[in-house]
Amino acid sequence: MSFLTDSPITSWIGNPSAPFDSSAQNPVKGSKLEGIIKPIKIGNVQLPNNLVLAPMAGVTDGSFRQLCARLGAGYSVSELASCKALQMRSFQTIEMIKFDGNTGPYAVQIFGADPDLMAEAASFVESLKICDIIDINMGCPVSKVVKTGAGSALMKTPDLAANIIKSVSKAVSLPVTCKFRSGWTENSINVKEFAHAVIEAGAKAITVHARTRQAMYTGPANWKYLEGIKEISGSIPFIANGDICSEENVIELYERTGCDGFMIGRGCVGKPWLYAQLLGHTELLQENLRFPIFKHHLTDMLMEHGSTAVPLFRVHLFGYLKNHPHSASLRRSLCMERNPNVVLQAGKDFFDRANPIDREA
């Protein structure tokens, strides 16, 4: 049953099968970020706003993509998919990038180091008619991806990266974009040269994560490496990524870089209403909606994943309960839990506290 409300912007809460309503994706006039959060276009694809859900392995499944879109995200990107797995028509990989409830605009992100294989994989993805954009992963830092020459290893081979963009662009009619980092190490920052290479090769938008491969996901994002990128990208959208968690972050990043968009990753895990906050939709920020959103999220995952949903939800669960006064002991007690009723009760106990910790911080 949907959460009782007269507003269409919140009427879906509690009903994962409810039709998608895009009204939450429209920036609110007069909001704090008016003029910064706005519609943009990638190739021929119009985005309702420039807030992007980052691709995160094990996190951005169909349920979470749809939840963030309902809460305002203007664009989402799939978990990274191997071009070799797609070439082999891996059922698991195809199911990962497909989702019956997908809400556009949506990109499928693929990775690999062979231009021909990448082109073949992209063409197959386009034939599935499930997405609006093909995104190339050139930033993943994990060893099993990097050792193949893919992901952030491409930061060391900009000519190969450019050839991949060219090959994929020739193989599909969809816009082709890419995501990369500031460099391989702090001693080899080449983000500007790399940006120039992929844009010259035909990328229709670029997203830059303000960390090196060496930094992985640790330490603060170094926004100084994003300065000057917009001057290189020109009319091609430049989307900034790394430690975007608040309105203040968006303002500072925009003032420093002039970026066209903002990709949010870990900042929205456990706080998917961050998009609504940045867009100015205060009706989605009510404290009494937090647990219904939590419950909606888990219910949707149960519908998508069946018996594996609770283990898969764990990363979100610990994000939601991040400020729990007994978070360490709670993590230990729930780390092997598979009963959705137990997980729901943990969420209810947290969100029903009489004096909740400020979840807007």
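As a summary of the residue check, Ile206 satisfies the conditions (1) under 17 Å from the mean Cα position of the chain (by Cα); (2) modelled with pLDDT under 95 except for the one numbered (2). Restricted to the range 243-361, the set of helices (runs of 4 or more DSSP H) holding at least 2 residues that are within 18 Å of the chain's Cα centre (by Cα) and buried (at least 19 other Cβ atoms within 10 Å of the Cβ) comprises 247-257, 274-279, 290-305, 309-320. Restricting attention to the range 17-32 and to residues that are in a loop (DSSP other than H, G, I, E, B) and under 20 Å from the mean Cα position of the chain (by Cα), the residue that is surrounded by the most Cβ atoms within 10 Å (Cβ to Cβ) turns out to be Pro27.
Against the numbered list (1) within 24 Å of Gly261 (Cα to Cα); (2) not in a loop (DSSP other than H, G, I, E, B), Lys170 comes up short only at (1).
The values are calculated or read from the model by the stated rules, or taken from the named source; none is laboratory data. Bear in mind that the values here come from a model prediction, so they are computed numbers and not experimental data. When we count neighbours, we look across all protein chains shown, and the Cβ atoms used for this are built from the backbone with ideal geometry, even at glycine.
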